[in-house]
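I have placed the structure first, in the form of C-alpha cells, so that the comments after it can refer back to it.
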Amino acid sequence: MDLRNKKILITGCSFIGFHLLKRLLNEGVASIRVVNKTNYSKNRILSLGTIDFQTKDLRDTRYAQQALKDIDVCFHLAADHGGRGYVDLHQADTATNFLLDGSVFAAAIKNNIEKLFFASSGCVYPNFLQSTTSREVLLKENDVKAPYDADNMYGWAKLMGELTLRAYHREYGLRSAIGRFFTVYGEYATESHAVIASIAKTFTHQDPYTVWGDGTQIRNWTYVEDIVEGILLSTKKIDDATPINIGTDEKTTVKEMIQYVFQYTGFYPKKIKYIKGPTGPLNRVADISKAKTDLNWQPKYDFRKGLDNTIRWYYSSKDPRTVKKYFNDILLGNKKI
C-alpha cells in the first residue's frame, strides 16, 4: 500500500503516535486526523501543521463512527495503558480496552476503510514462556496459541484485539496489520515506563536509588523511531492481520540499563536499593526474524544510542522540581498525563 494521498486517522497520539505523525507528514498523505481522549498533547500536535485534532472517547461507538468517517487508513494506537505499575495495579481500567478496540474495529467495517493498523504488545505472549532467566528466550509470533496466558488484563485485551481483527479479515475482508510492540522508549514517553523512570531518578538525584525487583529481569527495549518504521512497513506490506514482532533481540537486564543511565547522565548514587514492586515477566525478548524477512525491517538503533537521544531530550525539557512532585503517582499509575 502506498500512503500518498490517503486520508489518515491516528487514534492515541501522545508518544508513539506523535513520532508516527511526524513521519506521516513527510509521506505526502492527503490529510491527517488525530483523535485523543484528552487535550494533553494538543498544542504539540497542532504545532506540526494542519491537523484535524479531535477530543473524543472512542469507547463510545457514536464517536468512533464519526472519527473513522471518510478515512482511508487508520493507525489504531489508542489504549488505556501505562508502564508496569499501571499494567499490574489498574486491571479494571485496562479492561476498557476491550470496549475501545471493538468500537474502533466495528467503525472501520461500517465506514469501509481501506486499511487498519493495530498496535498490539509483547504482553500477548504466554507468561509461562517468560518465567526464567536461566535460558535464552526469543518469543516467536506463533508462540501465541492455546493455552493462552497473556500478561494481565492489558495483555488479554490486546490478544482479543488481534483475534478479532483476524476474524474481521476472514469474514468481512478488513485489510489489517498488527504490530506487537516490545518495551518502547524514547522522547515524549512518560515516567510510568522503566527507562524514563530510571532517567527521572537520576535527574532528581534519587539516593538511595530504588529499583523494583532484583534487577536481573531481561528486556529488549526498543527505540520509538524503530517502532515507527515498523508500523509504516507493516501497514504497507501486510493485509491479512498477520501479527509481526516490532522489537529488538538485543537483551538488556534492568541492572545493565540503569548502569547505562548512570554513565550517560553522570549521576552515580551512593546506594542502589532493590525493593518489592511490579516487575513483570523475568525474560521478555522478541524474535524478529519474521520482521526481517516479511518487512525487510530491523532496528537501526542499539540501546545505547536510543538511550543517549532520550536522555538528551529529557534533561533539556524537564524541571526536576516538577518531576519530583508527580513522579511517584505516575510510576504507580495513580496519575496519568
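The values are calculated or read from the model by the stated rules, or taken from the named source; none is laboratory data. Everything quoted here is computed from the prediction, not taken from an experiment. Here the Cβ positions follow ideal geometry from the backbone for every residue, glycine too, while neighbour counts run over all protein chains shown.
Things worth noting here:
- Residue tally, condition at pLDDT 95 or above and not in a helix (DSSP H, G or I), over the stretch 299-333: 6
- Verdict on Asn36 being in the same structural domain as Gly179 (by TED's automatic domain parsing) and modelled with pLDDT under 95: no
- Subset tally (residues that are of a type in the set (Val, Ile, Thr) and free of Cβ contacts under 8 Å to residues at least 24 places away in the same chain) for the stretch 307-328: 1
- Unique residue being of a type in the set (Ser, Thr, Tyr) and in contact with a Pro (Cβ under 6 Å, 6 or more places away or on another chain) when the list is Tyr264, Tyr185, Tyr209: Tyr209
- For the stretch 68-95, the set of residues classified as at pLDDT 95 or above, among the aliphatic types (A, V, I, L, M) and crowded, with 17+ Cβ neighbours inside 10 Å consists of Leu68, Ile71, Val73, Leu77, Ala78, Ala79, listed by residue number.
- Out of Gly161, Gly213, sole residue that is assigned by TED's automatic domain parsing to the domain that holds Ser14, crowded, with 16+ Cβ neighbours inside 10 Å and in contact (Cβ under 8 Å) with a residue 12 or more places away in the chain: Gly161
- Residues located in the stretch 45-95, provided they are among the aromatic types (Phe, Trp, Tyr) and either in contact with an Asp or Glu (Cβ under 7 Å, 6 or more places away or on another chain) or closer than 23 Å to Val184 by Cα (or both): Tyr63, Phe75, Tyr86
- Hits in the stretch 172-195 (condition: of a type in the set (Phe, Trp, Tyr) and either in contact with a Phe, Trp or Tyr (Cβ under 7 Å, 6 or more places away or on another chain) or surrounded by fewer than 22 Cβ atoms within 10 Å (Cβ to Cβ) (or both)): Tyr172, Tyr185, Tyr188
- Residues in the stretch 259-306 that are free of Cβ contacts under 8 Å to residues at least 12 places away in the same chain and among the β-branched types (Val, Ile, Thr): 1 in all.
- Count - residues of the stretch 127-148 that are under 20 Å from the mean Cα position of the chain (by Cα) and in a loop (DSSP other than H, G, I, E, B): 3
- In the stretch 51-67 there is no residue that is over 17 Å from the mean Cα position of the chain (by Cα), over 27 Å from Tyr168 (Cα atoms) and at pLDDT below 95.
- Checked against the criterion of being assigned by TED's automatic domain parsing to the domain that holds Ala78, crowded, with 21+ Cβ neighbours inside 10 Å and in contact with a Pro (Cβ under 6 Å, 6 or more places away or on another chain), the stretch 121-140 has at least one qualifying residue.
- Of everything in the stretch 266-299 that is of a type in the set (S, T, N, Q) and buried (at least 17 other Cβ atoms within 10 Å of the Cβ), the residue that is nearest to Gly179 (Cα to Cα) is Asn283.
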